[in-house]
Structure formats: C-alpha cells, structure tokens
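*Asks:* Quick one: this structure, given as structure tokens, is what I'll be asking you about.
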Amino acid sequence: MIGRLNHVAIVVPDLTAAAKLYTDGLGASVSKPIPLPEHGVTTVFVELPNSKIELLHPLGEDSPVEKFLSNNPSGGMHHLCYEVEDLQAAIDHLVAEGARVLGDGKPRLGAHNLPVVFLHPKDFCGTLIELEEVAR
Ligand code: CO
C-alpha cells in the first residue's frame with residue numbers, strides 16, 4: 001500500500017542554524033524558509049536525491065509543533081511521511097486493522113497542498129506517520 005518515503009520532518013529550535021547545517025555541513029540544497037500559517041509552521045525543505053527532509057519551526061499561536069519543541073528543546077524527529085495512491089482506501093484499510101487516524105479522521109490539505117492524514121504514533125512503534133496522496 002505505501003509507496004515512497006516522501007519526507008522526514010524534523011522540528012528544530014533555529015531554522016537558520018539548521019538550514020546552515022544541511023547546506024554547509026552536509027552539502028544539501030535547501031529552500032528559503034516558507035511560512036505556512038495554516039499549518040502553524042515555517043518550513044525549510046531539504047532536497048535529497050531520493051526524498052526530502054522538512055525542517056519545521058513553530059509559527060504563530062497554537063502551533064502543532066510548539067509542545068514538541070518545548071519537550072525536545074534541541075529539536076528532534078517529528079514524523080515520517082509515506083506516499084499512497086488512494087488515501088481514502090488506505091484510511092479504510094488502516095481503520096479496519098485497528099489503527100487510529102488523528103483529528104476527525106478525514107484527509108486535509110498538507111504542506112504540499114495534497115490530501116494528508118496522520119496516524120497515531122502509539123499504533124506505529126512510537127512514530128507519528130503522515131500519509132500523503134500523490135497522483136501517479
Ligand atoms: Co509532513
């Protein structure tokens with residue numbers, strides 16, 4: 001069912017410093033910081049040959065990553081995002097298997113303007129999982 005690893009998201013305390021680590025340290029190409037107010041984050045995309053890393057920093061009040069950052073002040077891995085071709089079919093299958101979809105269980109538009117859902121980390125080995133529908 002799942003396809004490619006679309007991205008790994010890392011919450012960071014300082015986006016500029018983190019972007020510099022990836023450019024100067026690891027030699028990756030990174031985007032400029034992109035504010036996504038509707039998601040409560042500012043993100044820097046790190047392009048890798050086979051996937052992406054998304055560096056996330058809280059934006060505004062009620063950011064979904066604010067608590068994570070206060071619990072992990074030096075930052076940390078936040079979620080993995082897997083691609084699926086049919087998100088509703090994936091949700092139906094996972095719910096039938098006993099997995100919990102976060103929120104109201106319905107897809108919403110994610111950071112790439114594609115439908116996404118998040119799955120409860122307790123159902124996936126302590127890892128928050130994002131599923132993103134990608135066209136094939
Ligand atoms: Co994500």
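*Asks:* Antiparallel as a % of all DSSP beta bridges within the chain, to the nearest 5?
*Replies:* 70
*Asks:* So what is the calculated 222 nm ellipticity per residue for the chain, using -39500 (n - 2.57) for each DSSP H run with n of 4 or more, over all residues, to the nearest 500 deg cm²/dmol?
*Replies:* Mean residue ellipticity, 222 nm, calculated: -4000 deg cm²/dmol.
*Asks:* Also, quick follow-up: Hey, how many Å between the Cα centroid of the range 112-136 and the Cα centroid of the range 1-62?
*Replies:* 16
*Asks:* So if R0 is 35 Å, what FRET efficiency would L114 and D14 give, r being the distance between their Cβ atoms, rounded to the nearest 0.05?
*Replies:* After rounding to 0.05, the efficiency reads 0.80.
*Asks:* Run the reach check for K106 against lysines, Cα to Cα strictly under 22 Å, same-chain hits fewer than 8 apart removed. What comes back?
*Replies:* Of all the lysines, those that pass the test against K106 - Cα under 22 Å, at least 8 places apart if same chain - are K122.
*Asks:* In addition: For the chain, set up a Gaussian network in which alpha carbons nearer than 10 Å are linked by springs, and say which option among I91, I34, I53 fluctuates the most.
*Replies:* Looking only at I91, I34, I53, the biggest GNM fluctuation is shown by I34.
*Asks:* Quick one: what are the phi-derived ³J(HN,Hα) couplings along the range 109-126, Karplus 6.51/-1.76/1.60 with θ = phi - 60°, whole Hz, x for glycine and proline?
*Replies:* 3J(HN,Hα) across the range 109-126, in whole Hz: 7, x, 5, 9, 6, 10, x, 9, 9, 10, 10, 4, x, 5, 8, 9, 6, x.
*Asks:* Extension gain L26-L5, at 0.36 nm per residue separation less the Cα-Cα distance, in nm?
*Replies:* My answer for the length gained is 5.6 nm.
*Asks:* Would you mind computing Rg(Cα) / (2.2 N^0.38 Å) for the range 5-133, counting N as its residues?
*Replies:* In units of the globular-protein estimate, the range 5-133 measures up at 1.06.
*Asks:* OK, next. Based on the mean of other Cβ atoms within 10 Å per residue, sort peptides 68-75, 39-46 so the most packed one is first.
*Replies:* 39-46, 68-75
*Asks:* What angle do you read, to the nearest 10 degrees and between 0 and 90, between the alpha-carbon axis of helix 87-96 and the longest principal axis of the chain?
*Replies:* Relative to the chain, helix 87-96 is tipped by roughly 60 degrees.
Just so you know, all these numbers are worked out from the coordinates, no wet-lab data involved. This one's a predicted model, so the numbers in the text were calculated from it and none came from an experiment. Cβ coordinates were reconstructed from backbone atoms using ideal geometry, including for glycine residues, and neighbour counts include every protein chain displayed.
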